1. Take the Cα radius of gyration of the stretch 1-100 and divide it by 2.2 N^0.38 Å, with N its residue count; two decimals is plenty.
2. In nm, what is the difference between 0.36 nm times the number of residues separating Q102 and Q13 and their Cα-Cα distance?
3. Can you list the lysines whose alpha carbon sits under 28 Å from that of K86, skipping same-chain ones fewer than 8 residues off?
4. Run the simple label-point estimate for Y79 and Q44 please: 7 Å along Cα→C-beta, distance reported in nm.
5. Karplus couplings for the stretch 99-115 from phi (6.51 cos²θ - 1.76 cosθ + 1.60, θ = phi - 60°), rounded to Hz, Gly and Pro as x?
6. Report the label-to-label distance for T52 and K86 in nanometres (one decimal), using points 7 Å from each Cα along the Cα→Cβ vector.
7. Residue-wise, which Karplus ³J(HN,Hα) couplings in Hz belong to the stretch 71-86, taking 6.51 cos²θ - 1.76 cosθ + 1.60, θ = phi - 60°, and x for glycine or proline?
8. Ranking request for peptides 17-26, 76-85, 51-60, 90-99: highest mean number of other beta-carbon atoms within 10 Å first, then the rest in descending order.
Amino acid sequence: QVQLVESGGGLVQPGGSLTLSCAASGSAFSINAMGWFRQAPGKQRELVAGFTSGGRTDFAASVKGRFTISRDNAKNTVYLQMNSLKPEDTAVYYCYAEDLLQNYWGQGTQVTVSS
């Protein structure tokens, strides 16, 4: 089993920045993919950015050039640096992880972009 704990959400003005963190614990050594989804009110959950099992990094088209994803393997932590935030980035952001058996989700952290 893997447990994911997110942090770093909050309220930010348009054009501002936030960094989200996701720390994995438990059987973190089994993780082969990890990243972030988000879900805005009335919309489906969508991939924001993630490291795939094949070693690739994927980004949603809407965040390319503004968001970066990084990881600290020693801390089993993935970070999402979000710059030039827009009101349409407002959503609950969920960390996810995958191993060979199942997917895992964090509890979600709210990001609100508003003036």
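1. 1.04
2. 28.4 nm
3. The qualifying lysines are K43, K64.
4. Here the answer is 3.2 nm between the modelled labels.
5. With coefficients 6.51, -1.76 and 1.60, one gets 10, 5, 9, 7, 9, 10, 10, x, 7, x, 9, 7, 10, 10, 10, 7, 8 Hz.
6. 2.4
7. Result, ordered by residue: 8, 10, 5, 5, 9, 6, 10, 10, 10, 10, 8, 10, 10, 6, 5, 10 Hz.
8. So the order, starting with the most tightly packed, is 90-99, 76-85, 17-26, 51-60.
Values quoted throughout were computed directly from the atomic coordinates according to the rules given, and no laboratory measurement underlies them. Small disclaimer: the values here were computed from a predicted structure and weren't measured. Using ideal geometry, Cβ is built from the backbone for each residue, glycine included, and neighbour counts are taken over all protein chains shown.
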